[in-house]
Amino acid sequence: MGRDPLSLRFEAGPQGKPFVHGAPRFNVAHSGTQALIALADPAVGLEVGVDIEHRSEDIDIEGLGELVFTPAERAALRLADDRLAAFYLRWTGKEAVLKAIGVGITEHLQSLDIAAGTGAAIDIVMRVPAWQAVRAIRLDAPAGYAAALAWHPAS
């Protein structure tokens with residue numbers, strides 16, 4: 001940024017998402033031994049969200065699914081050939097999208113459905129009309145991890 005690091009001041013958006021005026025929009029995620037940082041040029045005008053999760057083989061897909069996924073997502077999970085991959089696709093996608101929007105994760109988990117799209121794309125069905133512009137993709141991640149990136153035009 002070409003600035004003295006001590007001159008940078010973190011501020012919080014309306015929902016608490018941190019930012020620095022005049023700096024790239026950013027988001028950070030970490031899990032296990034891995035971390036991701038998403039940066040967006042402020043001139044482009046995008047907000048970003050990212051998530052990475054260590055894929056635990058003994059996760060309670062049914063139990064957690066009841067808490068975090070919509071009925072449509074739970075139905076898709078039950079039919080998935082690889083239920084663990086389907087779970088982590090939805091979880092990382094959902095978290096990246098909600099972080100890009102800048103809203104609380106736990107309060108809005110039922111506000112969208114996440115599904116695998118074509119290629120790396122993540123299909124999103126939004127229940128909040130103001131969030132329709134959000135897009136997301138699956139990211140390549142190290143073995144044993146799942147990751148996603150989401151973005152939308154800054155308001």
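Computed from the coordinates by the stated procedures, all read-outs in this text should not be read as laboratory data. Here the structure is a predicted model, which is why all the values come from computation and not from measurement. All Cβ positions, even for glycine, are placed from backbone atoms using ideal geometry, and neighbour counts span all protein chains on display.
So what's the Cα pair-distance distribution over the range 10-100, bin width 10 Å, in %?
For the range 10-100, the binned pair fractions read 15, 39, 27, 16, 2 percent.
How large is Rg/Rh for the range 25-76, to two decimals, with Cα atoms and a Kirkwood Rh?
1.13
I'd like the FRET efficiency for Asp60 and Val28, computed as 1/(1 + (r/R0)^6) with the beta carbon distance as r and R0 of 22 Å, rounded to 0.05.
With a Förster radius of 22 Å, E is 0.25.
Which loop chymotrypsin sites (Phe, Trp or Tyr not before Pro) in the range 1-65, with loop taken from DSSP, have no more than 10 other Cβ atoms within 10 angstrom of their Cβ?
Taking the range 1-65 and a limit of 10 other Cβ atoms within 10 Å, the loop chymotrypsin sites (Phe, Trp or Tyr not before Pro) found are Phe10.
Looking at the chain as a GNM with Cα springs under 10 Å, which of Glu53, Glu73, Glu62 has the largest mean-square fluctuation?
Glu62
Let me see the pair-distance distribution of the chain: every alpha carbon pair, 5 Å bin width, integer percents in order.
Result returned by the calculation: 2, 9, 18, 22, 20, 14, 8, 4, 2, 1, 0.
What FRET efficiency comes out for the pair Ala120/Arg9, r = Cβ-Cβ distance, R0 = 30 Å, nearest 0.05?
Approximately 0.30, to the nearest 0.05.
Which whole-Hz ³J(HN,Hα) couplings does the range 111-123 yield from phi under the Karplus relation 6.51 cos²θ - 1.76 cosθ + 1.60, θ = phi - 60°, glycine and proline marked x?
Each residue of the range 111-123 in turn: 7, 7, 10, 10, 8, 5, x, 6, x, 8, 4, 10, 7 Hz.
Restrict the search to the range 122-155; then list the trypsin sites (Lys or Arg not before Pro) that DSSP places in a loop and that have at most 14 other Cβ atoms within 10 Å of their Cβ.
Passing sites in the range 122-155 are Arg127.
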